[in-house]
Amino acid sequence: STISKNSLKTSLLQLECHFTWTLLEQHVSLESLEDTILDHIKFVVEYNVRDYNMLSYVYHLKKSNEEALRNLKKAEEAIQKHHPDEIARRSLVTWGNYAWIYYHMQRYEEAQTYVTKVENSCKKLSSTAHGKIQLPDIYAEQGWALLRFGRHYFERAKNCFENALKSEPNNPDFNAGYAIAMYRLEVLSDRSGDDKWSCLKALQQAVELNPKDTTVLALLALKLQRSQRADEGEQYIEEALQKTPDFPVCLRYAANFYRRKGETDKAVEILEKALELTPKAVVLHHQLGLCYKFKILKLQKTRYTPQEEVENLIQLAIFHFKTAIDKKPTFSSAYSDLAQVYALGKRYEEAEELFQEVLQRNYLPCDEKQEIYFNYGNFQHFHMKSELKAIKYYTEGLKIEKDSYGRRKCREAVETLLKQKIRRGLGDATDVGTLGLVHKLNGKKQEAIECYEKAIALDPNNEEYQNALSELQLSI
């Protein structure tokens, strides 16, 4: 019998699996995501089912459905090995993925077989008649998948783990997922200006429930360090390194800790060890680049800069940042980091090219775009010696209204620059008018009015300043 494609599609949309969780390809770099999951499979055996499922979805997005099916087979083998007593319950996501992949391969009979498998298992597992089933493990698997897809998904991931925890408040895995989601949301909100997340309690709870999980142990250390409790944090880092000296994720967080502490050499040593274990990990290359960049800046501040050593560090930093953006073209801040290193090596054209490339990306989140404007303004100011362009780009960052770390940096930089210029008697109408705009963008109406009045005194026929002034006077 031929299966009606439409009714099949309707059933497929009811399934809980990677294909119905709106994980969008535009938010990730498939190559680096594939590497990340393969690395994870190698080092964390107990979550292989989850990883193979995720990998099958990645291969589907890469247009290799045969490879996707091979990974679902591996997921099934892992389920038989780790959960022989609850195969049906543990297989729902895997079977859902099978159904979708067969559907995309136009093998509709096989797709229907898997849909039926899921529907029958759900009837057995839950008293509710209709096929949608809300199992805590499925919420958690969705949460872990969302975390893999980056910053746009962290809040949804947090909600998934919250749902899973409603049924099993002391499940170590769900608590770990929740804590990681909270940690990432907090780091993000520090950058983007909302301080509504705090992850301390969640991390402490996760560590208590599973002291062996060195990922949450190391994140707790980083959180304590960011809360001015670095000594306490360092004890956790040392404990984590003792428990899992060869686990790359733990090594990466430890390196982060020491880099922030200013112990760059120690950070580099740890990162090099991690890179031997997982040579393709983008994040390790980026972190190494940051360490070398920090060392360059420090050496350039010394009285007798050892030129050869600086050159060598510049080469190393360029190599690692380049590797990061080649493997993960969506990694915008790494472009900015690479451009800054080119500038430190006086390779201005290459720096300019990178800044342009990344500033032309329409889809950048506000806070990232603001930080890039800030870095580009610095490049114009300190390397190209153009105050005019620096003012222009700091102001561009400020025009994006969303409050963030990057916006605050743009504001401080442009205010300082303009006030210095005006104080030195070098400020013209444009500078005074721009300062007016800066005050206006910061909600300081009275100061803005004063600036626009001065600008009009210097340039009486300027309509832009007159319009801005009357607009402000009306709004008060």
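The set of residues in region 375-397 that are touching a residue at least 24 places away in the same chain (Cβ under 8 Å) and over 17 Å from Tyr342 (Cβ atoms) comprises Glu387, Ala390, Ile391, Thr395, Gly397.
For region 363-395, a residue qualifies if it is outside any loop (DSSP other than H, G, I, E, B) and of a type in the set (Phe, Trp, Tyr), and the qualifying residues are Tyr373, Phe374, Tyr376, Phe379, Phe382, Tyr393, Tyr394.
Taken over region 279-327, the residue count meeting the criterion of being within 25 Å of the chain's Cα centre (by Cα) and not in a helix (DSSP H, G or I) is 3. Filtered by the rule that a residue be more than 18 Å from Leu165 (Cβ to Cβ) and either in a loop (DSSP other than H, G, I, E, B) or touching a strand residue (DSSP E or B) at 6+ places or on another chain (Cβ under 6 Å) (or both), region 181-214 gives Gly193, Asp194, Asp195, Lys196, Pro211, Lys212. Residue count for region 166-178 satisfying the condition of being over 24 Å from the mean Cα position of the chain (by Cα) and crowded, with 19+ Cβ neighbours inside 10 Å: 1. On the basis of being under 30 Å from Lys273 (Cβ atoms), under 21 Å from the mean Cα position of the chain (by Cα) and surrounded by 15 or more Cβ atoms within 10 Å (Cβ to Cβ), does Val207 make the cut? Against the criterion (under 30 Å from Lys273 (Cβ atoms), under 21 Å from the mean Cα position of the chain (by Cα) and surrounded by 15 or more Cβ atoms within 10 Å (Cβ to Cβ)), Val207 does not qualify. Highlighted here are the helices (runs of 4 or more DSSP H) found entirely within region 1-113 that include at least 1 residues which are more than 21 Å from Phe154 (Cα to Cα) and either in contact with a Gly (Cβ under 6 Å, 6 or more places away or on another chain) or in contact (Cβ under 8 Å) with a residue 60 or more places away in the chain (or both): 5-14, 30-43, 87-104. The condition (being surrounded by fewer than 20 Cβ atoms within 10 Å (Cβ to Cβ) and not assigned by the TED database to the domain that holds Glu471) is satisfied by just one residue among Phe382, Phe374, Phe331: Phe382.
Each row is one residue, and each column tells you yes or no for (1) in contact with a Lys or Arg (Cβ under 6 Å, 6 or more places away or on another chain); (2) surrounded by fewer than 17 Cβ atoms within 10 Å (Cβ to Cβ).
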| site | (1), (2) |
| --- | --- |
| Glu76 | no, no |
| Arg90 | no, no |
| Thr94 | no, no |
| Tyr103 | no, no |
| Lys123 | no, yes |
| Asp137 | no, no |
| Trp144 | yes, no |
| Phe149 | no, no |
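A count restricted to region 425-445 and to residues that are free of Cβ contacts under 8 Å to residues at least 24 places away in the same chain, more than 17 Å from Glu387 (Cα to Cα) and not small (Gly, Ala, Ser) stands at 2.
The values are calculated or read from the model by the stated rules, or taken from the named source; none is laboratory data. Please read these numbers as outputs of a predicted model, since none were measured by experiment. Note that each Cβ is placed from the backbone with ideal geometry, even for glycine, and that neighbours are counted across all protein chains shown.
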